[in-house]
Every structure is written in C-alpha cells, then in structure tokens.
1. How many of the residues in the stretch 108-130 are buried (at least 22 other Cβ atoms within 10 Å of the Cβ) and either more than 17 Å from the chain's Cα centre (by Cα) or aromatic (F, W, Y) (or both)?
2. Of all the residues that make up the stretch 151-208, how many are part of a strand (DSSP E or B) and either touching a helix residue (DSSP H, G or I) at 6+ places or on another chain (Cβ under 8 Å) or of a type outside the set (D, E, K, R) (or both)?
3. Could you look through the stretch 223-233, keep only residues that are surrounded by fewer than 24 Cβ atoms within 10 Å (Cβ to Cβ) and either basic (K, R) or touching a Lys or Arg at 6+ places or on another chain (Cβ under 6 Å) (or both), and pick out the one that is farthest from G283 (Cα to Cα)?
4. With the checklist (1) part of a helix (DSSP H, G or I); (2) out of contact with any helix residue (DSSP H, G or I) (no Cβ under 8 Å at 6 or more places or on another chain); (3) touching a residue at least 40 places away in the same chain (Cβ under 8 Å) in hand, flag the one item V110 doesn't pass.
5. Pick out, from the stretch 1-107, the helices (runs of 4 or more DSSP H) lying fully within it that include 3 or more residues that are outside the structural domain of Q204 (by TED's automatic domain parsing).
6. Does P26 fit the bill of being in contact with a Gly (Cβ under 9 Å, 6 or more places away or on another chain) and modelled with pLDDT of 95 or more?
7. Go through V39, V45, V27, V18 for me and flag whichever is touching a strand residue (DSSP E or B) at 6+ places or on another chain (Cβ under 6 Å) and farther than 25 Å from F216 by Cα.
8. Restricting to the stretch 234-249, what's the tally of residues that are within 8 Å of I93 (Cβ to Cβ) and surrounded by 19 or more Cβ atoms within 10 Å (Cβ to Cβ)?
Amino acid sequence: MKKTALYKKHIDLGAKMVPFAGYEMPVRYGSELEEHHAVRNSVGVFDVSHMGEFLVKGPNALGLIQKICSNDASILTPGKVQYSCLPNADGGIVDDLLVYMLREEEYMLVVNASNIQKDWDWIAKHNDLEAEMENISDNTSLLAVQGPNAINTLQKLTETNLSSLSYYTFTHGKIGFFEAIISATGYTGSGGFEIYVNNESAAQVWDEIMKAGEEFDTKPAGLGSRDTLRLEMGFALYGNDIDDTTSPIEAGLGWITKFSKEFTNSNNLKAQKAAGTKNKLVGFVMEEKGIPRSGYDILDANDNIIGKVTSGSMSPSLGIGIGLGYVETKFTQSDTIFFIAVRKRKLKAKVVRPPFYKA
C-alpha cells in the first residue's frame, strides 16, 4: 500500500487507517459525526493526497482536453477550474475530474485516486496531437481545508486575498513559506479551499494550518465524514454513482456535457440526450426510519424492482436517511414515492432534488 506524505501525522493523531485506492488513508480520527459537524459549522482538514494530478502542456494541450473531456475547456482562462468527465467509447464514464488552466498552454487535470493509471493510459492513448503530458501525482500533496472558518484559518497564513477567490477559481500563492496552488474548490458543500503543495512541504503546511485553526477548534477529518458531507450535497462518487457503465446523461451530468464541440462518443451521447434514457440517477430521502445502503433494491408499490441504491447513509446534518440511486425514468419526478428494501423491510422514500443539505 502507498502512503501519503502525511501518513505519520495521521498515525500520531491516532487515525484509523484503511486501504483505499491503493493507499493507506485515514477513515476517522475519533468520531465521524464530530468531524462532519466540524466541517459544516467551523473547519476540518482532509488529506486527499491520494488524488491524481496530470499536467498537459503545449500548443495542442487544449485540443487534447477538448477531445477527451465532455465539458468545453475553451472557455477557461488562467485561474479558472472546470468540472468535467472523460466519456468512454461505450457510453459510460472513464472518470470525472477537475480541469485547471494554470497558464496559457498549460493545464492540470485532477483525477480520482482509484483511476490514476487507467486515466493516464486512456488520455495517452488518445494523445495523437502529441501534447506534452506529465504525471505529477506521486510528488503532489493535496489538503482540503473545508468549512465556514476555512477562510479565517488560511488567511492567517497567506498574503493572497482569499475573499477574492470565487468558487471554482484558484491562484498561485504561498501558505506560510511554501509555494502552493490555492483553489476555492471542495467536495463538502460548506466552502473552503484545496491546497496543492509538493510532498516535502506537506507536513509543515499541515501543522501550520492546524495551529492557525486552533481558535476555531479545527479538526482533522477522514474519508468517513468526507463521504457523508458529499452525499448531503448529492455529489456523485466514482465507483458508486458513476462508472464505466453509466452515461453522463443518465447520471444528471448533462450540464458538463457540451455538444458545441466533438469529443469521445459525443454523437451517441447527443442522441441519447435527445431520445431520453431508460434510467436516471435521483436523490431521495427516507420517509420512514431506516438507512439506505449501496446495493439495496428500490421497489415500486407492487414490489417490482425499479432500481438500485448507489450511495446511502444517515445524514448527520438532517438526522434522516438519504441516498442516490438509478431508477426507471418515470419514477424520477420530485416527490415521487418509492420504497427501499432495507433487509427484510420495505421502507417508504421520496424523490428530492439534491442538495439534501442547504446551508
């Protein structure tokens, strides 16, 4: 198993470590509930250095990105970030990712940890434009400082005016004495920043952030709370809610699928959007006491299986069960009632449009 540059910090903090995407990662340091609420109410710090980062450079960099990505990267300017996905040739998704325009003719692609090699191979296979590619994943650490007090914590450590960074923008700056990319992005829905630094700086940057956040009762946070936070926002998780078999149209990602240009499988996806899909990803809340889990059947009133849960949990913020799942399209309207097969029980649930949690 690989270890991030912050592995010793996690051990010293007593984190419960689990294997995840080839890395030993902290799932929690104490209470997942406390970590969740720290992010919603103040600030939490995640080590997400297992994520992958690729540089794409040169005069054909944009051409390659346009060819492989569903979103339109031509609208990016230096300092902007875009959410996108890599469609495959069969209608599914190779991965979802962030595209950073670092400067003219230079981009950074941030991909999921479990897909680093797969994504690299896919992009390289399609790089007939001979754009320059560099995999910097093993040399890059990523800290997600999330929550309403993230800005107050980090502003102590940088001369960058963090309040000038709008959502999905970034800048090159310093955290303490260390060069960093400071990005107004995150996966929690509570605001904050993601900090990219080299591995050699990571431990000191972590310490400085934790010290600066002492007055806000900053907590280290693990993968467990990261999952409940993203689920409360209805953010898709690759491997659960989207994968090689789910199309971006089915997954509700039509907004990042731009047919103003050609990209991998764009003609088929365009036809699918026009014709409609048999199934769609929806959010739902439990109307009866129970916790939906990935893989549970979704039933209609006559016990017919109409879909499956892809993500589900008890929402720490709302105190009710919430989930995402693919169901037949006729069951996707808001307030539609269906049922979740929870063990031997059939529990009522209602379709709602995420986010489930609204600040």
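The values are calculated or read from the model by the stated rules, or taken from the named source; none is laboratory data. As the structure is a computational prediction, the values presented were derived from the model and not from experiment. Note: ideal-geometry Cβ built from the backbone for every residue, glycine included; neighbour counts use all protein chains shown.
1. Selection size over the stretch 108-130: 1.
2. Going through the stretch 151-208 one residue at a time, the tally reaches 18.
3. Checked the stretch 223-233; the qualifying residue farthest from G283 (Cα to Cα) is G224.
4. With (1) part of a helix (DSSP H, G or I); (2) out of contact with any helix residue (DSSP H, G or I) (no Cβ under 8 Å at 6 or more places or on another chain); (3) touching a residue at least 40 places away in the same chain (Cβ under 8 Å) applied to V110, the lone miss is (1).
5. Result: 61-68.
6. Yes.
7. V18
8. Summing the residues that are within 8 Å of I93 (Cβ to Cβ) and surrounded by 19 or more Cβ atoms within 10 Å (Cβ to Cβ) in the stretch 234-249 gives 5.
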